[in-house]
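A.B. asks: Below you will find the structure I want to go over with you.
Bear in mind these aren't lab numbers, they're just calculated from the coordinates by the rules spelled out. Bear in mind the structure is a predicted one, so any value in this text is a computation, not a measurement.
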Amino acid sequence: MPGSARIFCCIPEGPLTLAQAAELLGTGIKEFRTQLTKNHFATGVARQWADSDGSTRVRVMVYKFQTAQDANAFGAFIKDIFDRATAAFESESTVTGIAVSACWATKKRDNNGDFVGAGYGLRGEIVVLLSAWSPDRDAVVVATKGTMLRQYGRLS
């Protein structure tokens, strides 16, 4: 979390349960829970914050699976969701420096006036998922890619 950032919403502290991990992924909780179970979700943590003026908000979720194959399968599931949602999202390609990654941003603002960014990266049995919201589409892309790269670097 950047030094000037502030927490904008409460999320569970400590390790996440399977139910909490599915809920943080958003709508379609039943499908997410099924995929987390099928791909042997082991544990996870999540953090979210807003920049100093509150206009850009970020949520990072780090999920650990029993094996790298499980993580790859869950990552492929996430990628497929966004790749199929071409009416709302467009690909912003991979995140430079993360071999297995993808990043998307909405084409239009949501009901709150924000663009939404999403991304994922894989390393071994770890999947890093990120969401960002901002009224500035470029800020969403920068926040998504930049935060993904910083969080991924912490896995080293």
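A.B. asks: Stretched out fully, how many nm does the piece from Lys108 to Ala73 gain, at 0.36 nm a residue minus the Cα gap?
C.D. replies: Working: separation 35, 0.36 × 35 = 12.60 nm, distance 2.93 nm.
Contour length minus Cα-Cα distance gives 9.7 nm.
A.B. asks: Nearest 10 degrees is fine. How inclined is helix 29-38 to the longest principal axis of the chain, computing both from alpha carbons?
C.D. replies: Computed tilt is about 40 degrees.
A.B. asks: Turning to a different aspect of this structure: Most mobile of Asn72, Asn111, Asn39 per a Gaussian network model of the chain (Cα springs, under 10 Å)?
C.D. replies: Taking springs between Cα atoms under 10 Å, the residue moving most is Asn111.
A.B. asks: Viscosity 1.567 mPa s, temperature 4 °C: Stokes-Einstein D of the chain from its Kirkwood Cα radius, in µm² per second?
C.D. replies: For these conditions, the coefficient is 83 µm²/s.
A.B. asks: Quick one: how many lysine pairs does the chain have with C-alpha atoms less than 30 Å apart and a gap of 8 or more or different chains? Give me the count, please.
C.D. replies: The number of close lysine pairs in the chain is 16.
A.B. asks: Just how far, in whole angstrom, is the range 117-156 from the range 25-55 if you go by their alpha carbon centroids?
C.D. replies: Cα centroid to Cα centroid, the span is 13 Å.
A.B. asks: Right, another one. Which whole-number percent gives the relative contact order of the range 18-153, counting Cα pairs below 8 Å spaced six or more residues apart? It would help to have the intermediate numbers written out before the result.
C.D. replies: Values: 275 pairs, mean separation 29.4, N = 136.
This gives 22 percent for the range 18-153.
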